[in-house]
1. What full-extension length gain, to one decimal in nm, is calculated for E31 and K48 as 0.36 nm per residue of separation minus the Cα-Cα distance?
2. How much length would be gained if the chain were fully extended between L82 and E68, taking 0.36 nm per residue of separation minus their Cα-Cα distance, in nm to one decimal?
3. Quick one: which residues, 5 or more positions from L57 or on another chain, have an amide H under 5 Å from its amide H? H modelled 1.01 Å from N in the peptide plane, none for Pro or chain starts.
4. How large, in percent, is the carbon and sulfur part of the accessible surface of the range 30-84 at a probe radius of 1.4 Å?
5. For the range 43-54, just list the computed ³J(HN,Hα) in residue order, Karplus coefficients 6.51, -1.76 and 1.60, θ = phi - 60°, integers in Hz, with x standing in for Gly and Pro.
6. Can you tell me which of 50-56, 23-29 comes out highest on packing, and rank the rest after it, using the mean Cβ neighbours within 10 Å?
7. Sorting check: for 74-84, 38-48, which peptide has the highest mean count of neighbouring beta carbons within 10 Å, and how do the rest follow?
Amino acid sequence: MKITKILIAFMLVGIGLKAQNTATEVDSKIENVTVYLNGAEIERTAKKRLTKGVQYLTFSGLSQNINEKSIQVNGKGFFTILSV
């Protein structure tokens, strides 16, 4: 009986942690494009009101060919970007 209660408790904690780690999908709009001989620079903007706590955001509609090292993110307001 005690083992069942412990397993249920771990499952509920795991479900709670999974719910906290789900990402919110954000649509961004292209604002400016600069084309170079060996690539392009695309500037996108998006607005999202964040709640208190850690938020995971996923930006949809981006190219599969993005150089991950070239991604830059910034914003306005009282928050800290922990990772990109």
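1. Gain in length upon complete extension: 4.5 nm.
2. 3.4 nm
3. Hits under the 5 Å cutoff: T24.
4. C and S atoms contribute 50 percent here.
5. 3J(HN,Hα) across the range 43-54, in whole Hz: 9, 10, 10, 8, 10, 8, 7, 9, 8, 5, x, 7.
6. My ranking of the peptides, most packed first, is 23-29, 50-56.
7. Working: 74-84: 7.0, 38-48: 11.0.
Result, highest mean first: 38-48, 74-84.
The values are calculated or read from the model by the stated rules, or taken from the named source; none is laboratory data. Computed from a prediction, not measured in an experiment: that's the story for all the values here. Cβ sites come from the backbone with ideal geometry, for glycine too, and all protein chains shown count toward neighbours. Note: accessible area is taken over every heavy atom of the protein model, side chains too, but ligands, DNA and RNA are not part of it. Shrake-Rupley method; radii C 1.70, N 1.55, O 1.52, S 1.80 Å.
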